[in-house]
Amino acid sequence: MIFFDLDGTLIDSNGVWREVDHAFMAKRGLELTEEYIQTVTHSIFPVAARFTKEHYHLPDSTEDIMAEWQSLAYDAYTRTIPLKEGARELLEMLARQGERIALLTATLPQLGTAVLERHGLLRYFEGLFFAQDTGLEKKDPQVYILAAQQFHVDPADCILVEDAPHNCAAARSVGYTVVGLYDAFYDRHWPAVQAHSHRAVKSLAELLSGPPFAPVQ
């Protein structure tokens, strides 16, 4: 089973979330802190919203914070976010080869489904696994066990394509083969992505030739 992350892996969307953060904070006259950025990046929405409320002592409810984030991001997901280089071609190749493919993402189900529909990618996936439905963050190894269980496969028979270093580490710790992908958002963490991956590539297009997921020796 091949699991693909969404943001920063299949779609070039990590910059959108920085814009959402800036717009959200500017409206309240607040500044982004490094602690905030490191905590909410690739976190599931409820956890990120709780942290935001507590970190900035906001009167907003977590539900209202999440609704505002979703509203700010919706236009980008439904209209402007592009695919990463090689994404469509790789999914098409794997589908022709008869591989089982699933999505494993921390993004909101509404946003994830919308962007896949817009790019015509839903047909490639056997199913979509949203970490938010588990109440766990993607850096929690249990997420990857639950994802494997949902599709009735052993973690040792799973591959994850992912751009976030802590998620690469979590998946690898439970037996996944990990293909780390470079994304500019995690530029300074690229050595960590490489360290936690069996294979690391700068572009999905690199996986289009040869055995795509054979670990580099």
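General remarks:
- For the pair residue 117 and residue 85, the difference between a 0.36 nm per residue extended length and the Cα-Cα distance amounts to 9.7 nm.
- Accessible area of residue 5 (1.4 Å probe, protein heavy atoms only, ligands and nucleic acids ignored): about 0 Å².
- Carbon-plus-sulfur accessible fraction, the stretch 1-41 (probe radius 1.4 Å, protein heavy atoms only): 48%.
- The simple spin-label model puts a point 7 Å past each Cα toward its Cβ; for residue 30 and residue 78 those points are separated by 2.6 nm.
- Taking only Cα atoms of the stretch 38-89, radius of gyration then Dmax in Å: 14.1, 46
- Extending 7 Å from Cα along the Cβ direction at residue 22 and again at residue 209 yields two label points whose distance is 3.7 nm.
- Averaging the Cα positions of each part gives two centres, and for the stretch 127-148 and the stretch 160-207 these lie 17 Å apart.
- In the assembled protein chains, residue 174 presents an accessible area of approximately 40 Å² (probe radius 1.4 Å).
- Solvent-accessible surface (1.4 angstrom probe) belonging to residue 63, in square angstrom, nearest 10: 120 Å²
- Calculated log₁₀ intensity ratio I(q)/I(0) where the Debye formula runs over C-alpha points of the stretch 30-135, q = 0.20 Å⁻¹: -1.09
- The stretch 106-189 - percent of accessible surface contributed by carbon and sulfur, probe 1.4 Å: 49 percent
- The stretch 99-217 - Rg (one decimal) and Dmax (whole number), Cα, Å: 13.9, 39
- By accessible area with a 1.4 Å probe, ligands and nucleic acids excluded, highest first: order of 154, 163: 154, 163
- Length gained when the stretch residue 126-residue 187 is fully extended (0.36 nm per residue, less Cα-Cα span): 18.9 nm
- Accessible surface, the chain, averaged per residue in Å² (probe 1.4 Å): 45 Å²
- Ranked by the mean number of other Cβ atoms within 10 Å of their residues, highest first, the peptides 177-183, 128-134, 33-39 come out as 177-183, 128-134, 33-39.
- Both the radius of gyration and Dmax for the stretch 1-76 are 12.9, 46 Å, in that order, over alpha-carbon atoms.
- For residue 129, residues with placed amide H under 5 Å, excluding near neighbours: 103, 104, 105
The values are calculated or read from the model by the stated rules, or taken from the named source; none is laboratory data. Every value quoted in this text rests on a predicted model; they were computed, and no experiment measured them. In this analysis, Cβ positions are derived from the backbone assuming ideal geometry, glycine residues included, and neighbour counts consider all displayed protein chains. Accessible surface is based on the protein model in full, side chains and every heavy atom, while ligands, DNA and RNA are left aside. Shrake-Rupley method; radii C 1.70, N 1.55, O 1.52, S 1.80 Å.
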